[in-house]
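J.: Quick one: structure below, then a few questions.
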């Protein structure tokens, strides 16, 4: 997973930015159904990448688990 910066979900869904989430298939299917109600087309890929050493970044009670993190300083 590559995260370059956060943006509002509605802006993210305007264009094809890549992977929205990694989740259990049943959860992803429910998200796809909800998106279709708003005329948003999402695609479920049967893709699983095994990682030997995933990383975790924590922000208070929130966290993100990813294969890699990159930091970009914005001026």
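The values are calculated or read from the model by the stated rules, or taken from the named source; none is laboratory data. Bear in mind the structure is a predicted one, so any value in this text is a computation, not a measurement. As a convention, Cβ positions derive from the backbone with ideal geometry for all residues, glycine included, and neighbour counts pool all protein chains shown.
J.: Among the numbered criteria (1) in a loop (DSSP other than H, G, I, E, B); (2) closer than 21 Å to residue 9 by Cβ; (3) modelled with pLDDT under 85, which single criterion is violated by residue 42?
T.: That leaves (3) as the condition not met.
J.: Where the second residue is assigned to a loop (DSSP other than H, G, I, E, B) and surrounded by 12 or more Cβ atoms within 10 Å (Cβ to Cβ) and the first is without any contact (Cβ under 8 Å) to a residue 40 or more places away in the chain and lies in the stretch 21-48, which pairs have Cβ atoms under 6 Å and are six or more apart or on separate chains?
T.: 32/42; 35/42; 40/13
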